[in-house]
Every structure is written in structure tokens, then in C-alpha cells.
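Q: Could you have a look at this structure, given as C-alpha cells, before my questions?
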Amino acid sequence: MSRDSLAAAALVAALLAAAAAPTLYTAAANGLFKKPPRPELVLPKGGDGKCVEPTDYMRANHMKLLVNARDRIVRGGEKLDKYHIEGCKNCHARRAEFCDRCHAYAGVKPECFGCHYLP
Amino acid sequence: MKNKIRFSTIKGNSREYVLLVLSLGFVSFCGFVAAWLRYTHGHYITNMTNAVPWGFPKIVAIYMIGLSAGSLVLSSLSGVFGITEFKIFARSAALLAALLLIGALMSIILDWGRPDRILVPFVHINPRSMFSLDAMFYTAYILTCFVYLWAMFKEKTELVKRLGVLAIFIAILVHSGTGAIFGFVGARELYHSPLLPPLFIASALSSGSAMMVVVMYLTFRWSRRPLDDALLIRLGSYMAAFLLVAGFFIFVENVTRAYFPANYEVQRFLLTSGNKYSQIFWVGMVGIGVVLPLGILFNPATRQNVGWILFASALVLAGVLAERYIIVIPAQVFPIDLFPGMKVSSPFMDGVVAKYSISVVEAFYGLGIFTFVFFLYALALKFFELLPEGAEK
Amino acid sequence: MTDMDRRGLLKAGIAVLAGAALAPGVTLIRAFADGGEGTSSSPSASKIRWGMVIDANKCTEKCQECTNACRTENNVPFFGDERWDGHWIRKATLTPEIEGARSRSLPLLCNHCENPPCQHVCPVAATFTRHDGIVMIDKHRCIGCRYCMAACPYKARTYVFKQPDAWSNPDVPKRDKGVVEKCTFCAHRLDQGRLPACVEACNKSGEKAMIFGDLNDPKSEIYKYIRELSPKGIREDMGLKPKVYYSGI
């Protein structure tokens, strides 16, 4: 190995380390190996506990339903239906007690709420 | 190949080299900080407005695409037309072409409102949009550049020749497409012109040869490798030819537009109003960009002199930047005539000349990305065999 | 994969097959003429063509009801700086270049062209024409390149320069910074059978300068109005076929 290729390898390693640093730092700050407690969700009061689809299905697929509704309604010009995001707030009164907690637990940052108002 | 040219890397451990790389890196870092600020705050920290949605980043982007297309064509000349003198910079020119186009794309994409949606143009295509088509051309262009480079490194002469033809074709396609982004916009008189694609090609070739003169001179000088003056003189004569063509297109475009009475007002605004734009047009684009360098390159006393050719090249590089400014900005600044024969006023800048000046953020942004290309180029000289050991026969 | 996706895919597949089998050139031209993906040239497209007539003789200069109503209804960003303020509809004052001529005031908005240049240039087909002729922006897809703003001759489009932080109308989405927005003819209200906010406000103010309706419906008020008084679109010479007509200019 020449000195130059060593230097190149060191440079690549340094770049990789620099790129990974924020992720590692965040992971460490949040407890890398600790399993966080399951989020406590506040469910709508007085409801029958059913969403527009069964709970298990919603938990896994609500984002697909939302994206599908989005495309049907925005681009396809269909009328608003029960799958549209504007319908969520009819039952889930507070986003902070439901959507946000689970999203924080799962570590996802959906962009929906920048534009769509959920109280 | 009678006398084969041997290429090698530079040592790159002198203090000057390290300093150069570090300072280039620092300027490009500042550029990325500016881009990050722009992204996190929004476009209001730039001087772009709803009336002038395209600002300096766009200017830098098309400038760099031009330089890229020009240097790729010059690089291919050696293989395709057997201009063997040009072989000594064929590799570095092709690498610069690839890097410059990557830089141009960075300049465009980081200027989007949503650069995080970078994959969307690859998923959703609109065959009628020049942007969408150009996205495909740019991708093909970068790939061609790298395959072409690889073939040159492996000394596959026949393949280099064929790829060179392809590279010339794609370079022209890419840059015509870039001109068509503006030329196809019918809403604004100053954009709508079938001459923009060929003008873009002519300026690409002139600015590309100017850049090769400057970059080659500095590279060979600083890496202490011998460079034949005849090469720079030859590049200078090429540049003069390209400049003539570019000047011709500029002339034809403006005369054609000025001939029609509906365009009197906009041409008066651009050419004779004495405002910022007509000053940049006459002094920057025509004077510095075409007339002065032509004078130097056609004057028998100066055209054989490397110092003068370097000076002319620097003028051309500045002049073509002014040309890109004149292509992008005045068309947006000048109000659209929605109601011919009536004066319009509204709270939305209707009927008035909009204001635009390059903001500090945009300047850092453009300069930073431009420098980043040369930062990568300087690094590449150390790690790839780009420079010939002896340029003299 | 959902039903919708499957149907779309099937349609695309059939189109490709038919194109390959019959006349590739023809399909190519068709695809270009339709503006590529996102237009609704499917047979299920409705016959409705929403349009608007603005009577400049009735519109007064002081009245700002339509612009205010639009701002409130659609959460159009307002920062108090003309460089960045959003405008879906704006009031303009026209003065003929003749001594002592009467000036007119009228609202300018997206003309929902039949040949929308903004849609033609959009690199990601975020701008599309809905089945009822409304030109809309899919803000979920817009990359914020602002090509459409350069291409629109009516300056109908504005860009979100700054993050707007509050909703004036929570039932309608606002925009994140970094996308382009414009008038939608209040498509969400039309879907509920209501008039666009500007038209409603104009009627309420008593000026009644705006007529809104289906250009294809012979029984509609707008249809009869256009038949009788033949109002003109702005810069019809450009061939964009705008669907907002003006009378009295």
C-alpha cells in the first residue's frame, strides 16, 4: 500500500465517520439499546372503538389508505370520503395524544400536519 | 499514436497544494452552509420574489452546464477528429465536464423548494416538460462522461473514438435542452426564442475553451509540468471562432426582436434604457464577453501571446456569466403585458419592473458550488492519472 | 396495490400495447398533446367545465371582498411584504393610455386554461387538469422548481417563500414552504356543491360582478351570458383558451 492510497482510505473513513456521527449521536442520546415503553394513546371517547377499518389493519396500513385517498381525491377529482385525512379529526380530537405519540414511538415524521390541520 | 503520452497522478504533498485544496474546500463549505440556510429558512432569505422566481443559483447552473458541455466537446475532439495536441487534456476535460454537470445539478436541486423530493422527477415524468426531458439527458450525460473517462484510462482508442462521438452528441443535446428550458417559455418575450439553444451551444464552446485555457495553464503551472504554448494558442483560435458564432446569434436574436413594434418596449428596456440590465448587456455580455476578447484574439500582436490569451479567456469566462445573467433575469423582471394598451397596477407588482439583485446567500451558494467542482478536481488530480508527464513531444 | 392503482396500470398497459400495435407516432403525439401523465382525458372525465365571467363594470376599486374571502378560505399566506405574499386572486387597476380615460378595477386569478403552459412545463406533472377542467397543483408532489411561475403569463402562481404558521380556515390545508400554489376555483367547495369563496363574497357584497358556472351546461347563467355578451379572456392571442372571461375592459 502506497502512502497515497492509505491517505485515500483514511479520507474515506473520515468522511464515513462524519456522515454517521449525527445518527450515532442521536441514537446514543436516545438510549441505543433501551426499548422505549409503548406509547399511551388516548382513544376517542364514546366511540365504538372502530376506525374506518379494523384497528389492526389501521395500525399497519393507515398511511397507505391516506396516500391512496390523497391520490384519488386530489388527482382523480373524487369527492372526500371517510379515508381522507380531513376525516381523522372527526374522532381523534387531539393529535398530540394519538398521532404524535405513536409516530414518536415508531420514529417517523410524516409531513401531513404541515398543511393539514389536526388539532 | 506515434509518441504515446504517459499520464500520472500528481504527488500532492506540497504545502501549496494542501493550502489550495483546503481553501477550495472552505469556500465550498460556505456554499453548503448557504444552501442549508436557504433550505431551513425558505427562499425569503434570498432576493428571489414572486416576480423573479429564478435567481443566481439558476444562472450558476446554466453557466456550469455550458462549461461542462464545452469542455466535453473539446475533450472528444482529440479522439474523434484526431487532434492529438488536445489529448493531453482530454482526461481532465472529461472529468471536469462530469464534475461541472454534477455541480450544476446540485445548484439546481438545492435551489428547489423541496430538494428532499429529489427522487420525484425520476418517478413522475412529463414528456412535454423540458426540465423532465433534461433530467434524462443529464443522467445520460454524466454516465457517458464516466464511461468515456474509463475508456480513456484503459487506453481503448477505438472505444474512446465512438464514445467521443456519443459524448459530442449528448453534450449538444444537453445544452440545447438547457437553452430550450427558456426558449420554450412563450409567456415572456425575452425567453421565447428559437435561437436560445444554438446560442447556448456557442457560448458553451467559447466559455468551455476559455475555461480549459485557464484551468490547463494553472494546473500545468502549479504541478510544474511542461505545457506547450502552441496548445493554448490553438485553443485561443478555437475560442475566437466560437465567440464569432455566439456574437452572431446574440446580434440576430436582438435585431429580430427589436424589429417588431410589439417588442419595442422590452428591447428598449434591455438595450437602451441605461439601467442595470442594459449596462450588463453592453459592458458585460457584449463588451467583456465578445468584443474585447475578439480584439485580443484577432490582433496579430496579441494572439500569439499566452498572457494575452489567458486574459482573453478570463474575459470570456466573465462575459458568459454576464450573458447567463442577461438570459435569466431581465425576462422575469420586465412586466408581462396582460392588457395591451393599458397601464396595470396591483399589490402584486403588476405593470412595474420588478427588483432583483444577487443576495449574499445566493452569492455564497453559487460561488460555493462552483468552487466545490474545482475542489473535487484538485483532489482528483492526486488520485487519478489525469495529467500527462510531458506535454512536449 | 389498490383498485385505483390497478385500474390506472391496466389503462397505461392497454395504451402502451395499442400504441405499439397501431401507430407509435400517433400515440406519442397524443401523449404530448395530453401533457403526459396527470391529465384526465379518460372516458370517465365529466363534461363539466367550470368557468367564470367577471363584469368589470360592476367591480369597484375599493372593494376587496373577493381577495379577503379567498385569503381566509384558502389559508393564502400573507406576510405583509409584497415580495412574498401569496395571491390566489388579486385586484388590479387598469388605466387606458388615453388622457382622462376612466380606470377600471378587476380581479385577476388563475384562468384555468385549456392549454395550460404551467402544466406543460411541470417536470414532475404536479400540475394537472382535473376532470372538470380545473388546473390544480398536487402539492404533495411539487418540488418547488418554479418553472411554472416563469411559464404562466397571468402571474397566477405564487411560491411559498416562508413557512406560514397558522390556519385561518382549519378545514382546508395550508402549504408548507417550498411549493407553488395558486387558485383552485375552490375545488373543495365545488365538490360540496358550494360556490367559490370569491364569488360568494362578491355576491354578498352586492356587486355581483362574478358569475360562476358550468361552461358546458346550456341552462347555466354563465353559458347564456357568454352567448349574449361574448366576454373575452385575457390575452386570448396566446391561444391558452382561458376559462375566466372579462366583460367591460
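Q: Output the residues belonging to the stretch C:139-169 that are at the interface with chain B (Cβ under 7 Å from one of its Cβ atoms) and out of contact with any strand residue (DSSP E or B) (no Cβ under 7 Å at 6 or more places or on another chain).
A: Once the filter is applied, which keeps residues that are at the interface with chain B (Cβ under 7 Å from one of its Cβ atoms) and out of contact with any strand residue (DSSP E or B) (no Cβ under 7 Å at 6 or more places or on another chain), the stretch C:139-169 yields C:141, C:143, C:145, C:147, C:150, C:151, C:152, C:153, C:155, C:161, C:162, C:163.
Q: Just checking, how many residues over the stretch C:114-138 are in contact with a strand residue (DSSP E or B) (Cβ under 7 Å, 6 or more places away or on another chain) and either among the hydrophobic types (A, V, I, L, M, F, W, C) or in a helix (DSSP H, G or I) (or both)?
A: 8
Q: Could you go through the stretch A:55-73 and let me know if any residue there is in contact with a helix residue (DSSP H, G or I) (Cβ under 9 Å, 6 or more places away or on another chain) and closer than 20 Å to residue C:169 by Cα.
A: Yes; the residues of the stretch A:55-73 include at least one that is in contact with a helix residue (DSSP H, G or I) (Cβ under 9 Å, 6 or more places away or on another chain) and closer than 20 Å to residue C:169 by Cα.
Q: Here's something else I'd like to know. Could you count how many residues in the stretch B:334-367 are more than 7 Å from chain C (Cβ to nearest Cβ), under 25 Å from residue B:42 (Cβ atoms) and more than 28 Å from the chain's Cα centre (by Cα)?
A: Total meeting the criteria: 1.
Q: Residues in the stretch A:87-96: is at least one more than 26 Å from residue C:173 (Cβ to Cβ), at pLDDT below 90 and of a type in the set (S, T, N, Q)?
A: no
Q: Among what's in the stretch A:36-90 and is part of a helix (DSSP H, G or I) and of a type in the set (Val, Ile, Thr), pick the residue that is farthest from the other protein chains (Cβ to nearest Cβ).
A: A:55
Q: Collect the residues in the stretch B:69-114 that are closer than 22 Å to residue B:132 by Cβ and touching a residue at least 60 places away in the same chain (Cβ under 8 Å), keeping them in residue-number order.
A: Within the stretch B:69-114, B:69, B:100, B:101, B:102, B:103, B:106, B:107, B:110, B:111, B:113 meet the criteria.
Q: While we're on this one: Picking from C:194, C:189, which residue would you name as being more than 10 Å from every other protein chain (Cβ to nearest Cβ) and either of a type in the set (Asp, Glu) or in a loop (DSSP other than H, G, I, E, B) (or both)? Can you show your working first?
A: On the way: C:189 fails: either of a type in the set (Asp, Glu) or in a loop (DSSP other than H, G, I, E, B) (or both).
Going through C:194, C:189 in turn, the sole match is C:194.
Q: While we're here: Does the stretch B:113-164 hold any residues that are among the aromatic types (Phe, Trp, Tyr) and closer than 30 Å to residue A:110 by Cβ, and which are they?
A: Hits for the stretch B:113-164 are B:122, B:131.
Q: Can I ask one more? Where residues in the stretch B:191-242 are under 21 Å from the mean Cα position of the chain (by Cα) and in a loop (DSSP other than H, G, I, E, B), which of them is surrounded by the most Cβ atoms within 10 Å (Cβ to Cβ)?
A: B:193
Q: Further question on the same structure: Every residue in the stretch C:68-101 that is within 13 Å of another protein chain (Cβ to nearest Cβ), within 23 Å of residue C:248 (Cα to Cα) and over 15 Å from the mean Cα position of the chain (by Cα), please.
A: C:91, C:92, C:93, C:94, C:95, C:96, C:97, C:98, C:99, C:101
Q: Also: Confirm whether residue A:105 is under 18 Å from the mean Cα position of the chain (by Cα), among the aromatic types (Phe, Trp, Tyr) and assigned to a loop (DSSP other than H, G, I, E, B).
A: In short, no.
The values are calculated or read from the model by the stated rules, or taken from the named source; none is laboratory data. Since we're looking at a predicted model, the values are computed, not measured. Note: ideal-geometry Cβ built from the backbone for every residue, glycine included; neighbour counts use all protein chains shown.
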